[in-house]
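A.B. asks: Sharing a structure here in C-alpha cells format.
The values are calculated or read from the model by the stated rules, or taken from the named source; none is laboratory data. If you're wondering where the values come from, they're calculated on a predicted model, not measured in any experiment. Cβ placement follows ideal geometry from the backbone for every residue including glycine, while neighbour counts extend to all protein chains displayed. In case anyone asks, the SASA skips ligands and DNA or RNA and just uses the protein heavy atoms, side chains included. Shrake-Rupley method; radii C 1.70, N 1.55, O 1.52, S 1.80 Å.
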Amino acid sequence: MQNSRNAWQNFDFWLFGAALLLSIIGIALIRSSIAGNIELVDHPQRQTTFLIISLGVLFVVSAVHYNYWITLIQPMYLVTVAFLLFVFTAEARFGAVRWLEVGTILVQPAELAKIVVILALANFFANHEKKALDLKTIFQSALLVGGLVIWIFLQPNLSTTIVLLVIWAAMLWITGIRIRFILIAIAIVLVVVLIGAATGFAFLQDYQLDRISNFFFPDPNARYGETYNVDQALITIGTGGWFGQGYTQSTQVQLRFLKVRHTDFIFSVLAAEFGFVGSVVVIGLLVLVIFRCMKISQNASDTFGSLIAYGFGFLIFFQTIVNIGVNINVIPVTGLTLPFVSYGGSSLLSLMLGIGMVESVAMRSPNRKQIKQP
Amino acid sequence: MSVFPQRQSRFDRWRYLVLFILIGTIFSFYILRLFDIQILRGSNFVNQANENRTRIISDPAIRGTIYDRNGVVLAQNVPSYNVVVIPGYLPADEGNTQQIFRELSELIDIPVSSGDTDEEAARNFTPCYNELGISEIVYIATTNWPFQATPLKCNVDQDVAMVVMENREEWPGIDVEITAVRQYPTGELTSEIIGFLGPIPAALEEYYVNLGFVANRDKVGYAGVEQTLNDTLAGINGTRTVEVNVAGEIIRNLAEPIEPTPGSDVYLTIDTRLQAIAREALISEMEYWNTTAGRTITNNGVVIAMSPKTGEVLALVSYPNFENNRMERIIPGYYYEQLSNDPQRPLFNHAISAEHPPGSVFKMASALGVLNEGVVTPEYEVEDPGTITVIQRFYENDPGKPQQFVCWDRNGHGMVNFKWGVAYSCNIYWHKVAGGFEDEIPDGGLGIWRMSEYAKAIGYGTVTGIELPGESDGLIPDPTWKRINLGENWATGDTYTAAIGQGYVLATPLQVLNSISTIANGGKLMDVTLIDRVLSKDGTILQQLEPSYRWDITQDPVINVYNGNNPSGETKTVEPWVIELANQAMRLVVTDGTASEYTIPRHAELFRNDSSQSAGKTGTAEYCDNVAQAQGKCEFGAWPSHAWYVGYAPWDDAEIAVVAFFYNGSEGATLSAPVVRRVIDAYFELKSIDAAQSP
C-alpha cells in the first residue's frame, strides 16, 4: 500500500510535460490561425481558460484512485446515452446538432462517450480476464459499445463512430483476441463493404460520400470544389521547408487560403510556420505521450488500470494519425482534431481528464523505477 | 486503500510490440511524407502559394480622342456611371444592410429582391444585363468575389451617381464606378471613317492579351480608323501586382505599379463641314432622282474629296452607312443583323472596298499612254462614224468574227482629235487609238500591255494605302491575267473595252479619284492619307503629316517599255507636256464637253458658276453584275450603268479633287457632276471663311 506522498513520486512528468507543451503550442497556433477573422479573435483566450480548467481536472483526477471510477461507470454510461438521445431527438428539430449547451460551455456528448467507452471496456475486460477471450465475451463487449455507438452513428457522426469501434478493436487486440477471430472480422468487414458497394453506400451521408470519392478520385479542375481544403492544406504544409516561414508569417494561413485552420487543419499551420523541424518535434511530443501511456499500461498494477492507460494512449494515437493523415492528404477528410493542439474546449478537457486517469494509474503502479526511464 | 481488490495484469508483450511497430511505421511514413512535401516538393508548393496570393490587376488606359483637321471631336470617351456593390464592405448587421438595399432600390429602380436565385441564374450572371434584384446580385457577388465591385445598375444618370456618392458614408459597400464609354458626336456623318469598337474577338484573344488587353473588358476597333489606328488610340494598360487574401481583398502592392499609358489623340485630315456638305449633296441628289422617277434608281453612292497636292482626304462618304453611336456600349445583335442583311451593305465601305468598272474616267489612263507612246499626235484626227465594226481575233491568224462597237452618241462625233476625244468622251476615238483600226491607227494602237502600264502608273490595280481597313486593289487586266482566270486569249475587242474602263477593268472610287488627282498634280501619285497628326496626351506631337508620294511619273521611270507583248527591260517616264495636255482636255470637258451643260434647272446655278475654274472627267460605266442580271437588265446596248465624275479645281493648279459615284446612277454628267461641283464650290467657300477668321 502506498500513501499519497509516495504516489506523487510516481507522477509521470514526461507524460504531463508533453501534454502541457502540446497544449501551449496549440494555443500559440490558434492565435496565429485568427488571421484577421473577427469570429476567431477570442479563441486563444478561451482555449487558455479551458487549459487551466483542464489542468485542475487533471490533478484532481490523478489524485483520486482510478478504481473509484468503477462505481461511476454505470451512471456515466446512462447519462451519456441520455445526452446522445437528447441530441438525436433534437436533431430532428434543429438539424445536425452535436453540441449541448450547458450554461455557456458547450459539451460535446461524443467526447464524453470516448471516455465512457474506454472506462466501460476496461472494466468489462478486467472482470472477464480470467476467461479466455471467447465469442461470448466478444459479443458482450460489442453490446456494451453498441449501446452507445448506435446513437452516435445515427446522429450521424461517422468519425466518432469509427473512433469508438477502433478503440473496441484495440481493446480486443490487447486482451488477447485470437488471430482467427481477427481473420473472421476482416472477412465480415469485407462483406459489409461489398454489400455497401452494392447498395451504393446508402448509409453514408452525401457529404461523407463526396469526401471519400474526392479523396480517391480527385477532380484536377476543381479549384474551389470539395478538394479545395485539402489542396490548400497541402500547399500550406509545402511552404514550410526546413524551418518554416516563421510564427504568424505563413501567407497561406494569414491570408486565409487555409480553411478550418484552428481545428482540423492546425497541423498545416504548424508545418507552414515551423517547418519540417517543428512538425517533427510536435509529432515527437505526441509519440512521447502515446508511448508513456503504453508504458504505464504495461506497468500498471492491475488490468483495469492497464486498460485505462492503454485505451487513452490508443485514442490519442488514433486521433493523431487520422488528423495528420488528413493534413498530408493520405486519408479522406474526417473532422477529427489533433489531440491537445486543435482548438476545442471539451476535447481538451476530456483529453486532460484521460491523462489525469493515466497519471492516476501511473502513480499507483508498483514498478516506478522502470517508468522513470523514458 | 485496501477496499479495492488488486487485479494483477500481464498482457502479451508481443501484442504491445506489434502495436509499437504499427505506431513506428505510421509515424515514419508520415515523416517521410512530410519530408517529401516540405523539402523535396517545397518550391512547387511555394509557387502555388504565391500564385494564390498574387494577383495582377490591369488598369485600363484611356483611349485617345479622334478629331478632324480643325479640332472637331469625332470620337471621345464619356463617363458612364455604374452603381456597384462591394459585399465585403456592407455593414455586418443584416438590418442595416436591408435598410441600404431599400433606400438604394428606390433610387436606382431595381427591386430589393426578385425572388429566389437558382444555380442557373448565378452561373449565367452577367453584370449590367440581368433582371435580378439587389439581394440576388449581392448574394452572387458575396459567394464569388466579395471584395470586387459588382455592378448593380449600369449607366445611371449623373444625378443618381451624385446621390450615391454623397451617401458613401451612410451606405458602406455601395459605390459608383466610372467607366469610359466611346461616343461619336458626329455619328452617322463620319461612321464609315471612324468605325466603332467591339469586344476582343475570340480568335484574336491571345494576340490582344499578349499586348496587355483584358478580354471581356477592353474593346478594340472593329472598323474605320478605330480599327487601323487601334494601337495608337488604345494606349497601354497599367498593371499592379498586388497581394490579395482569400476573399480577393487587396492587402498591398507587391511591386511598383505601372501606370497606364493613355492612348494618343489623332487628328484626321477630314474636314467635318465638307464631309457634311458632301454627304448632304449625295443624299439630296439621290432623293431628287428617285423621287422624280417615282422608283429607286440609286440608293448607294460615294463622294470622296482629297487634296491632290498632299494626298489628304478631306471628306469620304460611303452611303448608306451605319450609326456607330448605337454600338457605344455593346454591339446590339438585332441592329448588327439588320446592317448585315441590308443589300446595300452599310457596313461595307463603298469608297474604298467596292470595285466597279470605272468607265470613261479610265480613258485618262489610255490618254497618257496614247500621247506618251506617240500612237497619235494630239492634233491627229480620228473619224467617229457612230458605229464601227472590228474583226475579233483571238490569235494571230484567226480569221476572226466581226463585232460592232458604238459610240455613246450613235450619230458619231465626226472627226475627233485628242482634246475633243476627252471632252466628248468619244468612245470610238479611244477604241481606235487603244486597239488600232485598219489603216487609220496601224500596228494595233496603244495595245493592252502599254495601256496597263499607264493605268498602274497613276494608281490603278494597287491599294492606295489609306488608313482604313478592307481596301480593295481593283483590277487592270492583261492577256496573262485573262488566260489564267478565264482560260481565253486576249482579243482586239478586249483592248477596245478596257480603253474606256469597261470589260474587265475594276477600280475603287478612291483609286479613280487618285488617278485623276495624280494628273491634276502634274504626275505625282500621292500617298493617300487620313491622318494629319498624332498627339500624345501631354500634347507632344508624335506624328505630323509630311505629304509623300509614291512616284512622280514625269521624274521616276515607272513605265516599262514593251516590244509587242514582251517587256524590253527598259523603263521610261511620262513627258510633262502629256500631262499638261490631259489637264487641258479635262478643262475642256467642263467648259465645252460632257460636263459643260446641265440637264435639269435644279443644277443651273451650279453649272453657271465657274469661279472655281474646275476640270473633270465624266464616266458612265455599263455594268452587268448579279443584281442587274437578276433583274433582267443586261440587254445588249442597253446595259445599266454607274454614274462617275471626278472633278478638280483650279484646273491648272489643283488644290481639291472630288469623285462622286452613284451605283446604277446611269449618267455621270447628270448625277455625279453636280455633286462634285457642289463640293468643290463648298471647299472654296469654306476656305474663304477660314481665311477671313484667321488672317
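A.B. asks: Inside 10 Å of the C-beta atoms of B:221-234, what's the mean count of C-beta atoms belonging to other chains?
C.D. replies: 0
A.B. asks: Between the range B:581-624 and the range B:318-360, what's the alpha-carbon centroid distance in Å?
C.D. replies: Comparing the Cα centres of the range B:581-624 and the range B:318-360, I get a distance of 30 Å.
A.B. asks: Here is a further query. What's the percent breakdown of Cα-Cα distances in the range B:546-603 across 10 Å bins, shortest bin first?
C.D. replies: 19, 26, 26, 20, 8, 1
A.B. asks: Principal axis lengths of the range B:87-139 from Cα atoms, whole Å, largest first?
C.D. replies: Here the Cα extents, ordered largest to smallest, are 29, 22, 18 Å.
A.B. asks: Which Rg and Dmax, in Å, describe the Cα atoms of the range B:80-179?
C.D. replies: 12.4, 36
A.B. asks: Determine, from the Cβ-Cβ distance of B:ASN77 and B:ASP527 and an R0 of 25 Å, the FRET efficiency 1/(1 + (r/R0)^6), rounded to the nearest 0.05.
C.D. replies: So the FRET efficiency works out to roughly 0.25.
A.B. asks: Based on the Kirkwood radius over alpha-carbon pairs, what is the Stokes-Einstein translational diffusion coefficient of the range A:236-281 at 25 °C with 0.890 mPa s viscosity, in µm²/s?
C.D. replies: The calculation lands on 251 µm²/s.
A.B. asks: Using the alpha-carbon centroid of each, what span in Å lies between the range B:73-106 and the range B:143-169?
C.D. replies: After rounding, the separation between the Cα centres reads 2 Å.
A.B. asks: For the range B:128-287, go through all pairs of different Cα atoms, get the mean of 1/r, take its inverse, and jot down that Kirkwood value in Å.
C.D. replies: The Cα-based Kirkwood calculation yields 19.7 Å.
A.B. asks: Same structure, new question: Note down the accessible area of B:TYR380, probe 1.4 Å, to the nearest 10 Å².
C.D. replies: It works out to around 80 Å².
A.B. asks: Set the Förster distance to 35 Å, then compute FRET efficiency between B:ASN167 and A:THR49 from the Cβ-Cβ distance, nearest 0.05.
C.D. replies: Here the calculated transfer efficiency is 0.20.
A.B. asks: May I pose another question? Calculate the spin-label point distance for B:THR591 paired with A:VAL281, positioning each point 7 Å from the Cα along the beta-carbon direction, and give it in nanometres.
C.D. replies: Between A:VAL281 and B:THR591, the label points sit 10.8 nm apart.
A.B. asks: Right, next: Give the ranking of B:GLU471, B:GLU337 by solvent-accessible surface, highest area first, calculated with a 1.4 Å probe.
C.D. replies: These residues rank, largest area first, as B:GLU337, B:GLU471.
A.B. asks: If you check each cysteine of the protein assembly as shown for another cysteine whose beta-carbon is under 4.7 Å away, which ones come up empty?
C.D. replies: So, A:CYS293, B:CYS407, B:CYS426.
A.B. asks: Let me ask something additional. With axes computed from alpha carbons, what is the tilt in degrees of helix B:363-372 against the longest principal axis of chain B, rounded to the nearest 10 within 0 to 90?
C.D. replies: That helix lies at roughly 60 degrees to the long axis.
A.B. asks: Return the value, in Å² to the nearest 100, of accessible area buried between chains B and A (probe 1.4 Å, both sides summed).
C.D. replies: Summed over both sides, the interface buries about 4900 Å².
A.B. asks: For the range A:146-194, state which residues have at least 30 Å² less accessible area in the presence of all protein chains than in their chain by itself, taking the probe as 1.4 Å and leaving out ligands, DNA and RNA.
C.D. replies: A:TRP173, A:ILE174
A.B. asks: At what distance in nm do the modelled label points of B:ASN144 and A:VAL41 sit from each other, each positioned 7 Å from its Cα along Cα→Cβ?
C.D. replies: In this crude spin-label approximation the distance works out to 3.2 nm.
A.B. asks: Leaving out ligands, DNA and RNA but keeping every protein chain, what accessible area does A:TRP242 have, in Å² rounded to the nearest 10, with a 1.4 Å probe?
C.D. replies: Rounded to the nearest 10, that gives 120 Å².
A.B. asks: Which whole-percent values make up P(r) of the protein assembly as shown when all C-alpha to C-alpha distances are grouped in 20 Å steps starting at zero?
C.D. replies: In whole percents, the pair-distance histogram is 10, 27, 19, 15, 14, 11, 3, 0.
A.B. asks: Give me the three principal axis extents of the range B:367-472 from the C-alpha atoms, as integers in angstrom, largest value leading.
C.D. replies: Largest to smallest, the principal-axis extents are 47, 34, 26 Å.
A.B. asks: Now a separate question. Could you state the angle between the C-alpha long axis of helix B:13-35 and the longest principal axis of the C-alpha atoms of chain B, as a value from 0 to 90 degrees rounded to the nearest 10?
C.D. replies: 30 degrees
A.B. asks: Quick check: net charge around B:ALA582, other residues with Cβ under 13 Å of its Cβ, Lys/Arg +1 and Asp/Glu -1?
C.D. replies: Charge balance near B:ALA582 sits at +1.
A.B. asks: Now a separate question. Among residues other than B:PRO640 whose Cβ falls under 11 Å from its Cβ, what is the net charge (Lys/Arg +1, Asp/Glu -1)?
C.D. replies: -2
A.B. asks: Another one. Quick one: work out Rg over Rh on the C-alpha atoms of the range B:461-580, Rh as Kirkwood radius.
C.D. replies: Rg/Rh for the range B:461-580 comes to 1.07.
A.B. asks: Mind pulling the angle between the C-alpha long axis of helix B:272-293 and the longest principal axis of chain B? Nearest 10 degrees, somewhere in 0 to 90.
C.D. replies: Taking the Cα atoms of chain B, the angle to B:272-293 is about 60 degrees.
A.B. asks: In Å, what is the Rg of the alpha-carbon atoms in chain B, and how long is Dmax?
C.D. replies: Values for chain B (Cα only, Rg and Dmax): 36.4, 153 Å.
A.B. asks: Another question about this same structure. Please list, by residue number, everything in the range B:158-176 whose backbone N is under 15 Å from a paramagnetic label point 7 Å out along Cα→Cβ of B:ARG217.
C.D. replies: none
A.B. asks: A:VAL333 accessible area, nearest 10 Å², 1.4 Å probe?
C.D. replies: Near enough 40 Å² of accessible area.
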